[in-house]
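The values are calculated or read from the model by the stated rules, or taken from the named source; none is laboratory data. Bear in mind the structure is a predicted one, so any value in this text is a computation, not a measurement. So basically every Cβ, Gly included, is an ideal-geometry build from the backbone, and we count neighbours across all protein chains shown. Ligands, DNA and RNA are stripped out before the accessible areas are found, and what is left, the full protein with its side chains, is counted by its heavy atoms. Shrake-Rupley method; radii C 1.70, N 1.55, O 1.52, S 1.80 Å.
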Amino acid sequence: MSAVDDSAPGSVAARLRTWDWIYLGYLLFVPAQPYFSPERRWWEWPLAIAVCAATAVLYAAAVLRGPSARHVWSSIVPMAVIGALAAPFNTNASVLFIYAAAVAGNTLPWRDARLWFAGLTVLDSVTALVSQVPMPYRLWGFASALVLVWVIGLLELGQRDRRQEQENERLRTSRVELLATITERERIARDLHDLLGHSLTAVVMRAQLTKELVSVDPQRARAEAEEIERNAREALAAVRSTVTGWRQTSIRAELEAARRALAGTGVDLRVDHEDGPLLVAAAEHALGLALREAVTNVARHARASTCRIGLDTDGERVRLVIADDGIGGNAPEGSGLTGLRERIGKLGGAVQRTGTAGTTLTVTVPVGVAR
């Protein structure tokens with residue numbers, strides 16, 4: 001005898017379609033007494049019809065309004081009063097106590113609902129004592145109500161708790177989906193920054209060099225233009241794969257990209273332990289993006305003549321070092337280095353930057369995570 005629509009709380013249209021209306025069928029027990037009574041009196045039919053009509057209105061109000069503390073005075077109390085007044089003359093009118101218990105179980109806290117169950121039990125018992133209906137008909141109506149007040153009431157309490165748990169689960173799922181969406185957006189933002197910052201820097205610098213070489217060395221200018229086209233195509237493919245979440249990079253690929261990017265700016269690249277230790281995909285991807293960010297900064301800001309890249313392990317940590325002999329400095333970190341710290345931090349690693357005598361970026365990741 002649920003008084004709340006499970007599928008769409010708060011929607012009147014949905015409550016109009018709920019199966020809760022079927023429970024009004026229990027009101028047929030009320031006119032059953034005058035129908036089967038061997039000594040029916042004239043007022044029994046009007047009483048049964050009035051009880052059914054009043055209960056239907058109160059129950060409909062409870063269903064359409066949904067869970068509300070106002071049901072105490074708009075539904076529960078009126079049902080209990082009508083039942084107490086009618087049951088002494090129509091034993092089946094004690095069904096109103098069951099309706100009142102159902103609404104209480106649907107709308108009130110556990111403690112308050114159980115107090116109402118107890119109160120309705122007492123009211124049912126007192127009404128049975130003053131009933132004018134002869135035995136054993138009196139016993140059948142009041143005894144069943146005595147039991148069903150608790151059975152239906154407790155079932156409604158359990159259903160309400162399950163609905164609340166489902167709603168809480170839905171909210172938790174929504175929060176998880178929102179956090180996952182935010183995390184994915186941040187990942188794409190970091191990857192796009194790392195990707196486009198590196199690729200566009202290389203394209204811009206080679207475009208500037210090509211412009212200067214057009215009149216001096218057309219053959220080399222053509223080669224640089226072809227390199228610009230290749231870089232742009234690689235960037236486009238990488239952007240597409242980044243958005244779909246499948247792009248992975250490697251140290252070897254980033255070293256090749258670093259050579260091409262720094263060659264266009266006149267920076268001499270020196271690599272120590274180029275092959276490096278064998279890394280798992282997640283760690284190599286993170287270190288590859290760290291290498292890309294660092295090389296982009298060297299090409300864009302350092303004004304360096306030499307850049308050294310080293311990759312080694314000391315048994316506890318895998319260490320990537322990118323050092324240049326440029327202008328150095330302690331300027332605030334941009335979004336690229338901030339995103340890099342977040343990415344490496346998720347692996348339990350750390351990023352350290354020094355800006356004296358050039359710039360040195362040291363990225364470390366625990367061996368247990370990287371290998």
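Details
- Residue ID - modelled with the highest pLDDT, chosen from residues in region 138-181 that are surrounded by 13 or more Cβ atoms within 10 Å (Cβ to Cβ) and either among the charged types (D, E, K, R) or outside any helix (DSSP H, G or I) (or both): E156
- One residue from A261, A294 being crowded, with 23+ Cβ neighbours inside 10 Å, at pLDDT below 85 and within 20 Å of A323 (Cβ to Cβ): A261
- Those residues of region 87-101 which are of a type in the set (A, V, I, L, M, F, W, C) and closer than 12 Å to A145 by Cβ, in sequence order: A87, A93, V95, L96, F97, I98, A100, A101
- Of all the criteria given as (1) within 21 Å of L155 (Cβ to Cβ); (2) open to solvent by 10 Å² or more (accessible area, probe 1.4 Å); (3) modelled with pLDDT of 80 or more, the one not satisfied by G105 is (2).
- Residue match in region 270-283 (condition: under 23 Å from Q208 (Cβ atoms) and modelled with pLDDT under 85): no
Residue by residue, here is whether (1) among the aromatic types (F, W, Y); (2) under 47 Å from the mean Cα position of the chain (by Cα) holds:
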| site | (1), (2) |
| --- | --- |
| I76 | no, yes |
| P88 | no, no |
| L108 | no, yes |
| R114 | no, yes |
| S131 | no, no |
| W150 | yes, yes |
| L155 | no, yes |
| N168 | no, yes |
| R172 | no, yes |
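- In region 306-362, the residues that are closer than 18 Å to A282 by Cα, more than 36 Å from the chain's Cα centre (by Cα) and among the charged types (D, E, K, R): D312, E316, R319
- Evaluating T354 against the criteria (1) closer than 19 Å to A189 by Cα; (2) in contact with a strand residue (DSSP E or B) (Cβ under 7 Å, 6 or more places away or on another chain); (3) not small (G, A, S) leaves one unmet condition, (1).
- Enumeration of residues in region 305-354 that are assigned to a loop (DSSP other than H, G, I, E, B), open to solvent by less than 30 Å² (accessible area, probe 1.4 Å) and under 17 Å from G368 (Cβ atoms): G349
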